[in-house]
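Report on one structure; see the data block that follows.
Derivation of every value follows stated rules applied to the coordinates shown; laboratory data play no part. Note that the structure is predicted; figures quoted are calculated from it, not measured. A quick note on method: Cβ atoms are made from the backbone with ideal geometry, for glycine too, and the neighbour counts reach across all protein chains shown.
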Amino acid sequence: MKKYDVIVIGAGPGGTTAASLLAHSGKKVLLLDKNPKPGGRMMTIHKDGFSYEMFPINCVPQHNSLFEKLSKTLGKQDEVKLILGDDFGIGKLFYENENGKITSWRMGYQFPGVLKILGFLGVKPWHFKSLVQMARVAGKLRSMREEEINELYQISAMEYLDSLGPMPAGFRTFLLATFGEGAFEMPSDHVAAGEMVKMFQQTIAGSGGRYYEGGVGHFFEVMASTVLEKGGDLQMNTRVKSIQITNGKVSGVTTESGETYNAPVVISNAGIRQTVVKLVGEEFFEKDYVERIKALESNLACVGYRYFTSRPVLTEPMNVLFPEGCASKYEEFEAIERGESKPERGYIYLGTTSLYPNMAPVGQQVIYAVVSCMPDPKVDPKCYLEYIERGVRKIAPELYEPGVISRTEIMTTAIVPGLGNDAIFPGQGGESYGIANSLGQAGPQRPKAETPIDGLYIVGNDAEGFGLGTHQAVDSGFKVYEKVMERMEKA
Ligand SMILES: Cc1cc2nc3c(=O)[nH]c(=O)nc-3n(C[C@H](O)[C@H](O)[C@H](O)COP(=O)(O)OP(=O)(O)OC[C@H]3O[C@@H](n4cnc5c(N)ncnc54)[C@H](O)[C@@H]3O)c2cc1C
């Protein structure tokens, strides 16, 4: 029976951050994951000359990210090559107005080109009233101080934006779709307004479109190697079956193959609900805590295509089609799921990482085309796939020219639990991140990393942290690291 200072279950972005920082600070760490290598839901795959993640990825922010803080802290900044959207293109947005007219805006290089943005949003430069409305709303969001933002966790992003008075339809859709639903994978009538404002400010300050040569998952493989280098153990292909509790304190973990490892601190990246209900067991917690955990809302999932092409199609890593009205309400996703309606206005993400160096055979691309849906692993992708194809034909028709697509794979919600956290409740498990940044579970109300069990912490998208997907998980990893170090220094 081996003893460690800390055991980390899961080498996703959150678990890897916490484990590597603790190892770097001299703690004896065991990092376990059921997957063959670190990266979690963003594990990098190498196949047929392509390197890619199973799902589309856009890293926000581009500049001053916590990924750089992590690699520098671990002294590994030279082992991961940062790719900036400023050098490779951030992306192109397409707005389809209610009459079906599509306008576009290439982000980044033309940022100062105000006229381009206005054209994209369907606003004429001489519409003085619209310009004033947009400037007022953008100025308010941009200059909002932290105390004011903290007041915006009881109101949804949609309700808050609508309370700011009239603004051009395209501008409202752009804000909600980009900084609400797009960033948090949750309809803007559920996302807390405080999160939307913070995301707006972070993106204005640091832009988006960061990547790493070799893949985002590769970044976490490099960070996780710290654990081994500092005398800890990295055990992949190892599923944790249970977390041991002795006299009310955490004492270790048991793997599915029956090995037991001991530590006074266990950090779980396996999901807050999965950790409480499945790995520890409800009986170890107060009823109120279990009820709150069970009631947490998952964020949305994505379904779509991975196309492998025989020639280059996309010139931008990220392309998004926003149809007017796409900033939809949660109930609209539920209605589609019940078969009462079909996807008609969802925004479509069309992206590739093959534009970056050494990510694809010369002249070929892997292209993701996805749309959001409910997080049930049983979602039938059929109606979404039809919708995606109709949309992609509007913004990249060349993809469907004869001979361009050499192979197609379908991304379903069912794949997600295989790479990420287990599906343990009906309708849950396919979510892109984990628990949603929605009202009642965002900002100050977000579940804490500490659990009621002494020594047991949660890390990743399910506890604390702020940001888009991987960035939130890394933020959570830093926070858990600080908490565990403080605890150990006191002991
Ligand atoms: C379709 C889709 C699109 C996305 N788009 C983006 C994007 O554009 N930008 C972005 O930043 N993020 C994006 N994400 C989200 C990103 O993948 C997550 O935010 C991130 O992976 C969460 O990190 P995590 O550490 O919280 O958890 P995870 O990545 O889920 O890692 C959890 C780890 O724990 C392991 N584990 C779980 N249970 C056990 C167990 N019992 N025993 C051992 N190991 C276990 C898993 O194998 C996994 O490796 C997307 C995700 C999806 C699915």
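Given the -39500 (n - 2.57) contribution per DSSP H run of 4+ residues, what per-residue ellipticity at 222 nm results for the chain, rounded to the nearest 500 deg cm²/dmol?
-9000 deg cm²/dmol
Using the crude model of +1 on Lys and Arg Cβ and -1 on Asp and Glu Cβ, and no other charge, please compute the dipole size for region 118-230 relative to its Cα centre, in debye to 20.
The dipole of region 118-230 has a size of about 640 debye.
Pull out a ≥ b ≥ c, the square roots of the eigenvalues of the alpha-carbon gyration tensor of region 254-366, then state rounded if a/c is under 1.5, prolate if not and a/b is larger than b/c, and oblate in the remaining case. Present the calculation step by step, with values, prior to reporting the outcome.
On the way: a/c = 3.43, a/b = 1.48, b/c = 2.31.
Oblate, since a/c reaches 1.5 and b/c is not below a/b.
Among Gly427, Pro397, Pro264, which residue has its Cα furthest toward the positive end of the charge dipole of the chain, with +1 on Lys/Arg Cβ and -1 on Asp/Glu Cβ?
Farthest towards the positive end: Pro397.
How large is the dipole of region 248-362 about the Cα centre if only Lys and Arg carry +1 and Asp and Glu carry -1, each at its Cβ, rounded to the nearest 20 debye?
With Lys and Arg at +1 and Asp and Glu at -1, about 360 debye.
Give me a comma-separated list of calculated 3J(HN,Hα) values for region 125-136, in order, Karplus coefficients 6.51, -1.76, 1.60 applied at θ = phi - 60°, integers in Hz, x for any Gly or Pro.
Values per residue, Gly and Pro as x: x, 8, 7, 4, 4, 5, 5, 5, 4, 5, 5, 5 Hz.
Using a/c under 1.5 as the rounded threshold, could you call region 219-315 rounded, prolate or oblate? The axes a ≥ b ≥ c are square roots of the C-alpha gyration tensor eigenvalues, and prolate needs a/b larger than b/c, oblate otherwise. Don't skip to the answer; put the middle values down first.
On the way: a/c = 2.89, a/b = 1.43, b/c = 2.02.
Note, shape of region 219-315 comes out oblate.
Placing one identical point scatterer on every Cα of region 125-246 and ignoring solvent, what is log10 I(q)/I(0) from the Debye formula at q = 0.12, 0.23 Å⁻¹?
Those come out to -0.65, -1.28, one per q.
Hey, can you grab everything whose amide H is under 5 Å from the amide H of Ser242? Only 5+ residues off in sequence or another chain; H modelled, so Pro and N-termini drop out.
Thr254
How high is the relative contact order of the chain, given as a whole-number percent (alpha carbon pairs under 8 Å, six or more residues apart)?
24
Calculate the dipole size of the chain relative to its Cα centre from +1 charges on Lys and Arg beta carbons and -1 charges on Asp and Glu beta carbons; express the result in debye to the nearest 20.
Numbers: 52 positive and 58 negative charges, 156 e Å.
So the dipole magnitude of the chain works out to roughly 740 debye.
Through the Karplus equation 6.51 cos²θ - 1.76 cosθ + 1.60, θ set to phi - 60°, convert the phi angles of region 430-435 into ³J(HN,Hα) values in whole Hz; use x for Gly and Pro.
Calculated HN-Hα couplings, in order: x, 4, 6, 10, x, 7 Hz.
Specify the angular offset, from 0 to 90 degrees and rounded to the nearest 10, of the alpha carbon long axis of helix 216-229 from the longest principal axis of the alpha carbons in the chain.
20
Quick check on packing: order 34-46, 114-126, 232-244 by the mean number of other C-beta atoms within 10 Å, highest mean leading.
The packing order, highest mean first, is 34-46, 232-244, 114-126.
Residue-wise, which Karplus ³J(HN,Hα) couplings in Hz belong to region 436-442, taking 6.51 cos²θ - 1.76 cosθ + 1.60, θ = phi - 60°, and x for glycine or proline?
6, 8, 9, 3, x, 9, 10
Kindly put Thr408, Thr178 in sequence by how many other C-beta atoms sit within 10 Å of each C-beta, fewest to most.
Details: Thr408 12, Thr178 20.
Ordered by Cβ neighbours within 10 Å, fewest first: Thr408, Thr178.
Against the longest principal axis of the chain, how steep is helix 193-206, in degrees 0 to 90 to the nearest 10, with axes from Cα atoms?
Once rounded, the angle reads 80 degrees.
Pull up the DSSP beta bridges for the chain and report the antiparallel fraction as a percent, rounded to 5. Working shown, then result.
Values: 48 of 70 bridges.
So the antiparallel bridges amount to about 70 percent of the total.
Rank by packing, highest mean first: peptides 185-194, 93-102, 57-66, with packing defined as the count of other Cβ atoms within 10 Å averaged across residues.
Going from most to least packed, we get 185-194, 57-66, 93-102.
What shape does region 1-140 have by the C-alpha gyration tensor, where a ≥ b ≥ c are the square roots of the eigenvalues, rounded means a/c under 1.5, and otherwise prolate means a/b greater than b/c and oblate the rest?
prolate
So, by mean Cβ neighbours within 10 angstrom, what's the order for 426-432, 259-265, 355-361 with the highest one leading?
Values: 426-432: 21.6, 259-265: 18.9, 355-361: 16.1.
Ranking, from highest mean packing down: 426-432, 259-265, 355-361.
Using the Kirkwood radius over Cα pairs, work out the Stokes-Einstein diffusion coefficient for region 351-465 at 10 °C and 1.306 mPa s, in µm²/s as a whole number. Walk me through the numbers before you get to the answer.
Values: Rh = 17.4 Å.
The Stokes-Einstein estimate is 91 µm²/s.
Please report the net charge: other residues with Cβ closer than 11 Å to the Cβ of Ile424, K and R +1, D and E -1. Present the calculation step by step, with values, prior to reporting the outcome.
Numbers: positive: Arg273, Lys278, Lys294; negative: Asp422.
With Lys, Arg at +1 and Asp, Glu at -1, the net is +2.
Could you run the Debye sum over the Cα atoms of the chain, one equal point scatterer each and no solvent, and tell me log10 of I(q)/I(0) at q = 0.12 Å⁻¹, two decimals?
Log-scaled intensity ratios, in q order: -1.07.
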